[in-house]
Amino acid sequence: MKQLLCATFEGIDAKTVEVQFTATKGLPAFTIVGMANTAINESKERVKSALLGNGFTFPPKRLTVNLAPSDLRKEGSHFDLAIASLIALGNTECTTEGWYVFGELGLDGSVTENTLLYPIILSLANQGSIKRAVVPALSLSKLSKIPGIAFYGVSTLTEALNLLRAQEIPQSPVERSEFDFARVVHEEKAYFYHEDYPLDFSDIRGQEHAKRAALIAAAGMHNLLLEGSPGSGKSMIAKRIRHILPPLHNDEMLDCAKLDILEGKEPAFAPLRPFRSPHHTSTGASIFGGGTHKAQIGEVGLAHNGILFFDELPHFSKTVLEALREPLEDRHIRISRVNAKVTYDADFLFVAAMNPCPCGNLFSTSIPCRCSDIEISRYRSRLSDPFLDRIDLYVQMHPISSDDKPGIGSKELHTRVRRAFLRQKQRGQERLNGSLSDADVARHCTLDPETQQVIDQAIGRFSLSFRAVGRLLKVARTIADIEDSDSIRKEHILEALSYRRRS
């Protein structure tokens, strides 16, 4: 019995599948077993046509292909090449151990790519379970960016068979392609960033306080809430934060490309973090993921390593807002269904925007607010205290004035973010300040007696919770990093307190 290796998705992670083949005496038949979906069962016709059209004899025996483990659901047309190769190899002496084979077959024996190949192989690489793979030549430009794997591109079934029949494993003809972007380097690790700013902070007139908060949010990946009148620049600021976020490591860029493919987009392989902005009418399943038979990834998972932006925050359903508390705190989300239980990473920067009242004119100095106190109270009460406790920075936008002038631009802000990013890495932090654990906060956010006294006074005056104190220290740590300070000083704590939402 010969076998090759392939893989399938289980949630967001790939699982190795052994493709086993045997030919026994009996009435001619071709059977695929092992919980294969329709796309795999249909491969029987593609495999037959590819083999017969390329001069291979279909053996007149009972052919059985088993996809092990048999209790794992398999899907995808990329099993075609492995199945056809095993049948064509037959009793030929060759070594197939350790070979992963991926590819969809055309009726003429051509090997075409499948959209799931990149996320599957990246997941296997992260698990350390794949060393060499036969893949469609069309996919090499994307796959060659994954480190640690020898890729062998083939365009036809015949090429794949010649490769598998080789007595010695040939040297991989494909060299890993490197990213060609601006970078910062720390301890021989490169972190990439872009230098284009299609949306620039200099386009926003005034609102210097909000720009400062956006800088702090980007430098430490702190959650941000912008409140202000319609047209004051809330959405403009939120969309521009994406372009000043910290640099990305090679692995993070590959993960971003994986999320692009899972969403059905062509991966850009650029150091630009995701930006997800669901409408307030979106369902809970579309935001958090779900599905009856297969748990699909939602907006929260697709925003991993990037920004999740909620515009018109109070108009989102209460259920969605309360369910968002878990990923904001734990940085992952678990979707449980009868047939699937999947955990997605969800380490994102949450940015939200809201009006101060239903009509939006509460802060206006020229347009009177037409909302009653009850309407304003009901509008604000849609956001619970436990939810707001997870917001690090709250900014009240100023009314627009004719005296407002363009201020600091994205290029300068991005430079300051990168400098703060390097300070965090030089302290030995694996995660940015906004995602520090309690133990990391105690290690990196030490205070002198005078600064500790300010914290103690704030706890008594504002009734701060343990979570609020921790988030306050993380924001102060980021402010200190932006100001190139090794320690958190009194003025850093006071500035962090100024961004706290008042009841």
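Values in this text are rule-based calculations from the coordinates and carry no lab data. Given the structure is predicted, the values throughout are model-derived calculations rather than measurements. Using ideal geometry, Cβ is built from the backbone for each residue, glycine included, and neighbour counts are taken over all protein chains shown.
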Hand me the trypsin sites (Lys or Arg not before Pro) from the range 367-408 located in a DSSP loop with no more than 13 other Cβ atoms within 10 Å, in residue order please.
-> R370
Under a point spin-label approximation (7 Å from Cα along Cα-to-Cβ), what is the A166-E430 distance to one decimal in nm?
-> 3.8
Please list 109-118, 402-411 highest first by mean number of surrounding beta-carbon atoms within 10 Å per residue.
-> 109-118, 402-411
Local net charge near F387, Cβ-Cβ under 10 Å (Lys/Arg +1, Asp/Glu -1) | +1
Rounded to the nearest 20 Debye, what is the dipole magnitude of the chain about its Cα centre when Lys and Arg each give +1 and Asp and Glu each give -1 at the C-beta?
-> 760
State, to one decimal in nm, how far the label point of D203 lies from the label point of S49, with both points 7 Å from Cα in the Cβ direction.
-> 4.8
Distance from the Cα centre of the range 1-49 to that of the range 100-150, in angstrom?
-> 17
Once the dipole of the range 319-436 is set up from charges on Cβ (+1 Lys and Arg, -1 Asp and Glu), the residue from the list G407, C359, L383 lying farthest towards its positive end is G407
Please report, in debye to the nearest 20, how large the charge dipole of the range 393-454 is about its Cα centre when each Lys and Arg carries +1 at its beta carbon and each Asp and Glu carries -1 there.
-> 440
Relative contact order of the chain, pairs being alpha-carbon contacts under 8 Å that are 6 or more residues apart, as % | 13
Quick one: Cα centre-to-centre distance for the range 179-234 and the range 311-350, in angstrom?
-> 24
What's the center-to-center distance, using Cα atoms, between the range 427-503 and the range 359-397 in Å?
-> 26
What's the FRET efficiency of L72 with S384 using the Cβ-Cβ distance as r and R₀ = 41 Å, to the nearest 0.05?
-> 0.50
Scoring the range 186-435 by relative contact order with C-alpha pairs under 8 Å, at least six apart, yields a percentage of 32
Aspartates and glutamates within cross-link reach of K425: Cα-Cα under 15 Å, excluding same-chain residues under 8 positions apart?
-> E187, E188, D440, D481, D484, D486
Helix axis angle, 208-220 relative to the chain longest principal axis, alpha carbon, degrees = 40
May I ask for the angle, rounded to the nearest 10°, between helix 449-462 and the longest principal axis of the chain, with both axes built from Cα atoms and the value confined to 0 to 90°?
-> 90
Cross-link list K131/K258; K145/K258; K44/K265; K142/K258; K211/K318: which exceed 22 angstrom alpha carbon to alpha carbon?
-> K44/K265; K211/K318
Protection-proxy order for peptides 492-500, 315-323, each taking the mean of Cβ atoms within 10 Å per residue, highest first = 492-500, 315-323
Which Rg and Dmax, in Å, describe the Cα atoms of the range 137-277?
-> 21.1, 72
Rounded to one decimal in nm, the spacing of the 7 Å Cα→Cβ label points at R443 and F466 is 2.0
Under a no-solvent Debye model with one identical scatterer per Cα of the chain, what's log10 I(q)/I(0) at q = 0.07, 0.09, 0.12 Å⁻¹?
-> -0.49, -0.73, -1.06
Once you list every other residue whose beta carbon is under 12 Å from the beta carbon of H414, what net charge do they have if Lys and Arg are +1 and Asp and Glu are -1?
-> +2
Once you have a ≥ b ≥ c as the square roots of the Cα gyration tensor eigenvalues for the range 186-435, tell me rounded if a/c is under 1.5, and otherwise prolate or oblate according to whether a/b is larger than b/c.
-> oblate
Treating the angle as unsigned and between 0 and 90°, give the value, to the nearest 10°, between the Cα long axis of helix 80-89 and the longest Cα principal axis of the chain.
-> 30
Förster radius 56 Å - calculated FRET efficiency between I374 and K411, Cβ distance, rounded to 0.05 = 0.75
In Å, what Rg and Dmax follow from the Cα atoms of the range 436-503?
-> 11.1, 33
Neighbours of F348 by Cβ distance under 10 Å: Lys/Arg at +1, Asp/Glu at -1, summed charge 0
Under the helix-only model (-39500 (n - 2.57) for each DSSP H run of 4 or more, divided by the residues of the chain), the mean residue ellipticity at 222 nm, to 500 deg cm²/dmol, is -10000 deg cm²/dmol
Of the peptides 184-195, 244-255, how do they stack up when ordered by the mean number of other Cβ atoms within 10 Å, highest first?
-> 244-255, 184-195
Rounded to the nearest 5, what % of the DSSP beta bridges within the chain are antiparallel ones?
-> 55
